[in-house]
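Heads up: the structure comes next, in C-alpha cells.
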C-alpha cells in the first residue's frame, strides 16, 4: 500500500472515479432533458394532428354523420337490456351507428394498475385483437392513452390516425376515423371503449355527446358485476 501511495496510483484512481461520477451525473441530466423534450414533442405532435384534421375537415372531405345513429335513449336501452357485454357490443356495431355503421368496437378493462386487457370486441380481425389482447398501460394506442389521460381521444380521419399512431395504421384498413373514451365507474377509470368508422368523422358536439353516452351505458353494464373488470369475457 505504501508503495502504491508513493507511486501516486491511489490519488489518480480517486481522481478518475471523481471524473466518472461527474460524467455519470451529466449523462443523467441529459437523459432527463431528453425525456422532457420527448414529452413536449409528443404533445406538439398531438396538437398538430388535431389542427391538420380540422383543416382537412374544413376542406369538405366526405364525412359520416351521426344523424342516422340510433337515438341516445334507444342506444342506452339496447345496452342495459343486453345479456352481457359482448352481446351489447355486437348489437351496437350492428344497429347503433346507422347506414354507414362502424368498422368495429372494442372494450378494454384494467387487470391491474399497469395492465390493460381486451374484454370483448366486434368487427376486428382476430389477429389484430391477439396482438393487443393484453398490453401495458404505457402502450402507445388510443385506448391506453384515453385511460392514462382520463380524456377521450378523437381521431377525425386517416391522416389523423396515421400521424398519431403510425405503428398501428395500415393504408388498406377500413378504419378511417375513430375515438377512444375512458370508462368511469364510481369516479374510477376502469377501462376504455374504442370505436372505429369507415369514413372521416367531424366529431362535433352532438357526435361526441352520443359516444360519451354509449361509453357511460357500457360502464353501467360493467358496474352490474363489481368483479367484471377482473374476469375476461372472450367472444
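The values are calculated or read from the model by the stated rules, or taken from the named source; none is laboratory data. Quantities reported herein were computed from a predicted structural model and do not represent experimental measurements. Using ideal geometry, Cβ is built from the backbone for each residue, glycine included, and neighbour counts are taken over all protein chains shown.
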Would a scan of the range 79-97 turn up a residue that is touching a helix residue (DSSP H, G or I) at 6+ places or on another chain (Cβ under 9 Å), part of a helix (DSSP H, G or I), crowded, with 20+ Cβ neighbours inside 10 Å and free of Cβ contacts under 8 Å to residues at least 40 places away in the same chain?
no
Given the structure, is residue 229 surrounded by fewer than 19 Cβ atoms within 10 Å (Cβ to Cβ), touching a helix residue (DSSP H, G or I) at 6+ places or on another chain (Cβ under 9 Å) and either at pLDDT below 90 or in a strand (DSSP E or B) (or both)?
no
Mind listing whichever residues of the range 98-118 are modelled with pLDDT of 90 or more, surrounded by 15 or more Cβ atoms within 10 Å (Cβ to Cβ) and out of contact with any helix residue (DSSP H, G or I) (no Cβ under 8 Å at 6 or more places or on another chain)?
117
Search the range 64-74 for residues being modelled with pLDDT under 80 and touching a helix residue (DSSP H, G or I) at 6+ places or on another chain (Cβ under 7 Å), and hand back the single one that is farthest from residue 123 (Cα to Cα).
72
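Residue-wise test of (1) farther than 20 Å from residue 219 by Cβ; (2) surrounded by 15 or more Cβ atoms within 10 Å (Cβ to Cβ); (3) without any contact (Cβ under 8 Å) to a residue 40 or more places away in the chain.
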site	(1), (2), (3)
125	yes, no, yes
141	no, yes, yes
144	no, yes, no
160	yes, yes, no
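Residues checked against (1) in contact with a strand residue (DSSP E or B) (Cβ under 7 Å, 6 or more places away or on another chain); (2) part of a strand (DSSP E or B); (3) at pLDDT below 85; (4) farther than 16 Å from residue 89 by Cβ:
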| site | (1), (2), (3), (4) |
| --- | --- |
| 154 | yes, yes, no, yes |
| 160 | no, no, no, yes |
| 211 | yes, no, no, no |
| 220 | no, no, no, no |
| 234 | no, no, yes, no |
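For (1) over 16 Å from the mean Cα position of the chain (by Cα); (2) touching a residue at least 24 places away in the same chain (Cβ under 8 Å); (3) surrounded by 14 or more Cβ atoms within 10 Å (Cβ to Cβ), each residue gets a yes or a no:
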{"residue": "167", "(1), (2), (3)": "no, yes, no"}
{"residue": "177", "(1), (2), (3)": "no, yes, yes"}
{"residue": "180", "(1), (2), (3)": "no, yes, yes"}
{"residue": "188", "(1), (2), (3)": "yes, no, no"}
{"residue": "192", "(1), (2), (3)": "no, yes, yes"}
{"residue": "203", "(1), (2), (3)": "yes, yes, yes"}
Specify which of the listed residues (141, 184) is within 19 Å of residue 107 (Cβ to Cβ), more than 12 Å from the chain's Cα centre (by Cα) and at pLDDT 90 or above.
184
Does residue 5 satisfy the condition of being surrounded by 10 or more Cβ atoms within 10 Å (Cβ to Cβ), modelled with pLDDT under 75, under 40 Å from the mean Cα position of the chain (by Cα) and part of a helix (DSSP H, G or I)?
no
Flagged in the range 162-209 as part of a helix (DSSP H, G or I) and under 25 Å from residue 125 (Cα atoms), in numbering order, are 162, 163, 164, 166, 167, 168
